[in-house]
Amino acid sequence: MMETLEQVRDRLLARFPGGEVTLIANPGPAAQHSLALGLNQAAAMALFLRDDPDLRLDYCSNVTGVDWPEKEIVESTKVTVPDPAGGPAKVVEQKTKRIQPGYLEVVYHLYSMALKHGPVIVRLRTGNRHDQVTVPSFTPVWRSCEFQEREVFDLFGVKFSDHPDLRRILMWDEFTAHPMRKDYVEPDDYEWEPTPHGTVLEKAKAHYPATAVAAPTAAVGAAHHTPAAAAVTTAAPVVRSDTGLETRATPAPKEGTP
Amino acid sequence: MSGVEPMFPSPSSGAHVNAVHDPFHGDLLEVSMGPHHPSTHGVFRMMVTLDGETIVKLKPVFGYLHRNHEKLGENTSYLGSMPYTDRLDYLNSMTNNWAYALAVEKLAGQPVPERAEYLRVILAELTRLLNHVCLAGFLLQDTGASGTPLMYAFREREKILDLFESLSGSRMMCNYQRFGGCRVDASPEWLAGAQTITNNFGRFLDEYEELITGNEIMMARTQGVGALTPELAISAGITGPMLRATGVNYDLRKVDAYGVYSRFDFRVPLGDHGDTYDRYMIRILEMRESIKILQQALPALPAGPIMDPKAKIRGFRPKAGEAYGRIEGPKGEIGFYLISDGSPNPYRYRVRPPSLVNLTVLEDMCLGQTIADAVIILGSVDIVLGEVDR
Amino acid sequence: MLGSGLLQGLKVTAKNLVGSFHDPERLTTLEYPEQKAKLPENYRNFPFLVSENATDPMGTLRCVGCQICEKECPPQCIYIEKSKDKKPDATGKMQVYPVVFDIDTSVCMSCQICVEVCPFEAIKMDQVFEIATKDRFTALLLDRNQLAKPNSYYHEIHPTEAAEVDARLLAERKAAEEKAKAAATPKPAVAPTPSPTATAPKPPEAPAAGGTPAP
């Protein structure tokens with residue numbers, strides 16, 4: 001049976017004095033807790049995890065990134081304020097806002113093929129989301145990280161020092177953004193479709209403002225237009241419908257009844 | 001910076017190979033194989049540097065089928081991602097469904113009734129038959145046995161797909177598993193059909209082996225080609241038949257014993273050499289073990305509900321937390337890593353694709369081989385680009 | 001002996017060649033447009049809307065425009081606008097109905113989630129698959145008139161499932177009726193003429209006929 005994560009943490013701390021290892025609890029029913037490693041000694045710690053005879057985590061199954069953007073957290077604390085007039089002290093709720101700094105996280109799921117145990121989950125956290133995004137690569141320790149770390153670099157923008165071949169893997173080389181970040185904005189490449197709604201409707205309005213109005217009565221019956229056709233027909237007086245873009249005819253309320 | 005000496009350095013590490021101007025060799029030739037090459041099993045591209053006919057460098061190029069599946073998963077509800085998992089590895093939608101359902105069940109602490117667990121095992125083993133028989137066909141196609149073995153394999157695969165269609169409604173995009181069970185129950189007629197296919201499959205395998213396994217051309221083309229050492233395979237995270245062909249005994253059905261696999265008696269076939277022939281043979285032997293599991297599971301299928309009564313279809317919101325669930329797919333370990341923040345959509349949805357990770361060692365296996373061998377080495381890795389690129 | 005493996009393989013192919021003339025196990029293909037395979041009952045393709053009555057499909061749609069399927073649809077191919085007024089459905093109960101119900105089959109992936117989440121058994125999976133057209137937009141966008149198909153058709157393509165659904169709906173209707181009756185009995189003075197919303201006029205055979213709501 002594998003030792004507990006607390007024991008692993010204590011052994012890591014004993015082996016690497018001055019190193020940082022934090023146990024991150026997982027509140028969910030899965031209870032897969034994890035260890036966050038400090039970046040300065042992470043690679044050596046990973047090597048220890050792989051080679052230690054009791055752990056022998058020789059197999060790194062899954063490498064992935066997680067984006068945690070900056071979050072505004074409102075905390076309310078109760079403060080007793082003494083009444084200046086000499087009455088009983090009042091309890092006032094004070095709200096403090098603080099910005100929880102954002103960071104990127106790389107998560108490794110380690111197993112042992114030799115001893116058939118696991119997972120030990122290891123996390124590396126960057127300093128922030130824009131300039132301190134370098135973490136040590138684990139590719140020298142486990143070859144399986146090679147493509148997966150490239151993917152994290154590509155989609156999240158985490159840089160891995162010591163990675164032998166850090167290039168984009170899924171997006172093309174000229175691409176500049178990191179699509180899996182939470183604040184990624186998709187390129188404005190709307191293609192006309194007949195029933196836009198939700199966010200697509202917003203895009204549709206931006207691209208085809210002329211059709212973002214209901215069809216004139218002359219066009220009723222022709223259910224759907226291509227954008228060009230609809231643009232021509234808007235010369236007649238128009239009524240803006242609820243949905244904005246549709247050029248469809250609104251059926252009479254009694255339709256379908258004899 | 002870290003000072004860690006890599007045990008298995010990446011062969012050419014992305015550095016450019018300098019052209020050799022040697023009167024005896026001539027120049028190195030860089031060939032782009034793919035993305036529309038019939039031997040690459042989809043839109044996969046290899047930048048191959050050749051010295052004569054020998055490969056001196058090979059860099060896979062991905063992303064031609066990339067649709068950011070993981071972002072889609074973050075923007076869809078938990079249930080809404082289920083049909084998308086069918087489209088990862090479109091040969092094995094049943095096992096993809098199961099891996100995802102397993103991860104979500106872990107995340108939410110959702111139990112599964114016994115009948116559903118048995119049905120999952122039956123469907124997963126049928127999927128394994130279907131995938132391996134396809135691989136055997138395609139591998140033979142890659143070695144130049146065009147048509148015949150592939151069509152025999154497809155004939156058998158089609159019978160299993162018919163079973164899937166009559167159960168789930170679709171041949172390949174099954175969308176069958178749900179969190180806490182399965183979507184539709186199997187009728188007695190369906191089970192009888194599955195039993196017939198199981199009974200007949202062994203005979204088909206005998207015939208197929210007679211056709212191919214002892215074939216001299218097949219042996220000459222595959223034995224000793226693309227050999228992989230167990231140490232490198234473990235370090236590179238290779239899983240599935242490709243790992244077991246190198247002799248490493250690691251099968252999640254035994255190691256994790258997820259579902260009800262601990263109740264069945266089966267063996268894990270292991271290879272010796274880790275070459276292409278072993279990878280082919282492992283799959284044939286695994287099919288025989290799958291038949292054994294099916295022969296045990298089909299008669300033992302218990303009666304009862306197929307969905308946990310507390311399971312929710314709509315408005316499913318697991319508590320905040322994270323979970324990694326993995327199963328032994330036909331291609332290797334397929335895992336899903338989910339982070340929930342209590343909302344209807346997962347905060348993070350990650351697929352651990354066996355096809356992509358198994359390609360890590362493609363270059364190591366191909367170096368020093370001829371370009372014709374690269375085709376069958378890639379074929380023996382068994383990739384589906386829907387899963388590699390996601 | 002070198003070559004014995006090859007000869008053995010040729011024996012297998014010869015067996016298959018000869019077998020394909022008499023053994024249905026070895027000849028598994030069909031001449032498609034002329035011969036058609038029987039579709040399994042569970043086979044699914046794009047969805048359709050169930051209406052109770054074939055003669056008046058728009059008046060007897062089961063759909064009440066609740067938009068659950070629109071929200072749950074993973075590729076977002078359903079578009080619904082619900083009515084502002086109510087009109088009686090097939091059972092005579094006043095209901096909201098979909099003014100617009102479109103499914104963009106160029107986007108739909110036939111995943112069946114709309115069917116699973118629908119609380120009114122109003123949307124089901126169809127079995128037609130020969131639907132190729134030359135027009136990418138209009139022809140693949142199905143509106144409610146094209147989507148509505150009668151319950152008898154549903155019985156034709158998914159007999160087992162449809163029978164279950166009908167039994168369930170009938171049981172629900174009975175339970176609702178009894179509840180309404182129980183609610184109505186303690187105060188017999190109220191409403192000598194039953195209001196169309198509370199105790200619905202029962203005969204389901206005469207669905208929306210004459211059921212035009214008062215303006």
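The values are calculated or read from the model by the stated rules, or taken from the named source; none is laboratory data. Since the model is a prediction, treat every value here as computed from it, not as a measurement. Here Cβ is always computed from backbone atoms with ideal geometry, including for glycine, and neighbour counts include all displayed protein chains.
Tabulated data
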| read-out | value |
| --- | --- |
| Answer from A:Val185, A:Val213 - the residue that is more than 30 Å from A:Trp142 (Cβ to Cβ) and at pLDDT 70 or above | A:Val185 |
| Selection status of B:Gly63, more than 11 Å from chain C (Cβ to nearest Cβ), buried (at least 18 other Cβ atoms within 10 Å of the Cβ), among the small types (Gly, Ala, Ser) and at positive phi | yes |
| Among the candidates C:Cys114, C:Cys108, residue that is among the hydrophobic types (A, V, I, L, M, F, W, C), assigned to a loop (DSSP other than H, G, I, E, B) and modelled with pLDDT of 85 or more | C:Cys108 |
| The range B:144-155, residues that are outside any loop (DSSP other than H, G, I, E, B) and surrounded by fewer than 23 Cβ atoms within 10 Å (Cβ to Cβ) | B:Thr148, B:Leu150, B:Met151, B:Phe154, B:Arg155 |
| Number of positions in the range B:228-244 that are part of a helix (DSSP H, G or I) and either more than 12 Å from chain A (Cβ to nearest Cβ) or touching a Gly at 6+ places or on another chain (Cβ under 8 Å) (or both) | 6 |
| Residue check, C:Pro150 surrounded by 12 or more Cβ atoms within 10 Å (Cβ to Cβ), more than 30 Å from A:Trp192 (Cβ to Cβ) and modelled with pLDDT under 50 | no |
| From the options B:Tyr100, B:Tyr118, B:Tyr84, B:Tyr90, residue that is in the same structural domain as B:Phe154 (by TED's automatic domain parsing), touching a His at 6+ places or on another chain (Cβ under 8 Å) and not polar (S, T, N, Q) | B:Tyr84 |
| Boolean, C:Lys124 is of a type in the set (D, E, K, R), within 14 Å of another protein chain (Cβ to nearest Cβ) and surrounded by 16 or more Cβ atoms within 10 Å (Cβ to Cβ) | yes |
| Subset of the range C:87-121 that is more than 10 Å from every other protein chain (Cβ to nearest Cβ) and charged (D, E, K, R) - its residue that is nearest to the chain's Cα centre (by Cα) | C:Glu121 |
| C:Gln35 without any contact (Cβ under 8 Å) to a residue 40 or more places away in the chain, away from chain A (no Cβ under 14 Å) and polar (S, T, N, Q) | yes |
| Checking C:Gly9 against (1) crowded, with 16+ Cβ neighbours inside 10 Å; (2) farther than 30 Å from B:Ile217 by Cβ, the condition it does not meet | (2) |
| Of all residues in the range A:1-32 being touching a Ser or Thr at 6+ places or on another chain (Cβ under 9 Å) and within 24 Å of B:Ser235 (Cα to Cα), the one that is modelled with the lowest pLDDT | A:Met2 |
| Any hit, the range B:162-171, residues being within 30 Å of B:Ala372 (Cα to Cα), touching a residue at least 12 places away in the same chain (Cβ under 8 Å) and not assigned by TED's automatic domain parsing to the domain that holds B:His37 | no |
| Yes/no for B:Asn200 being among the polar types (S, T, N, Q) and in contact (Cβ under 8 Å) with a residue 40 or more places away in the chain | no |
| Unique match (being away from every other protein chain (no Cβ under 14 Å) and in contact (Cβ under 8 Å) with a residue 24 or more places away in the chain) among A:Lys97, A:Lys71 | A:Lys97 |
| First in the range C:1-24 and within 7 Å of chain B (Cβ to nearest Cβ), second anywhere and surrounded by 13 or more Cβ atoms within 10 Å (Cβ to Cβ) and of a type in the set (Gly, Ala, Ser), Cβ under 7 Å, 6 or more apart | C:Gly5/B:Gly214; C:Gln8/B:Gly214 |
| Residue among C:Tyr43, C:Tyr32 that alone is of a type in the set (Phe, Trp, Tyr), surrounded by fewer than 19 Cβ atoms within 10 Å (Cβ to Cβ) and under 19 Å from C:Glu130 (Cα atoms) | C:Tyr32 |
| Sole exception among (1) closer than 30 Å to B:Leu72 by Cβ; (2) surrounded by fewer than 20 Cβ atoms within 10 Å (Cβ to Cβ) for C:Tyr79, by number | (2) |
| Scan of the range B:268-301 for residues that are acidic (Asp, Glu) and surrounded by fewer than 23 Cβ atoms within 10 Å (Cβ to Cβ), ordered by number | B:Asp272, B:Asp275, B:Glu289 |
| Residue that is within 18 Å of the chain's Cα centre (by Cα) and either charged (D, E, K, R) or within 10 Å of chain A (Cβ to nearest Cβ) (or both), where the choices are B:Gly379, B:Gly335 | B:Gly335 |
| All positions within the range A:68-78 that are touching an Asp or Glu at 6+ places or on another chain (Cβ under 8 Å), surrounded by 10 or more Cβ atoms within 10 Å (Cβ to Cβ) and of a type outside the set (Phe, Trp, Tyr) | A:Pro69 |
| Matching strands (runs of 3 or more DSSP E) fully within the range A:59-125 where at least 1 residues are at pLDDT below 90, of a type in the set (S, T, N, Q) and not assigned by TED's automatic domain parsing to the domain that holds A:Ser34 | A:71-81, A:90-100 |
| Evaluation of B:Asp265 against (1) more than 13 Å from chain A (Cβ to nearest Cβ); (2) closer than 30 Å to B:Thr229 by Cα; (3) within 22 Å of the chain's Cα centre (by Cα) (one fails), failing number | (3) |
| Restricting the range A:113-122 to residues that are surrounded by fewer than 23 Cβ atoms within 10 Å (Cβ to Cβ) and within 15 Å of A:Val8 (Cα to Cα), the residue that is farthest from the other protein chains (Cβ to nearest Cβ) | A:Val120 |
| Total residues in the range A:20-32, condition buried (at least 17 other Cβ atoms within 10 Å of the Cβ) and farther than 20 Å from B:Leu107 by Cβ | 1 |
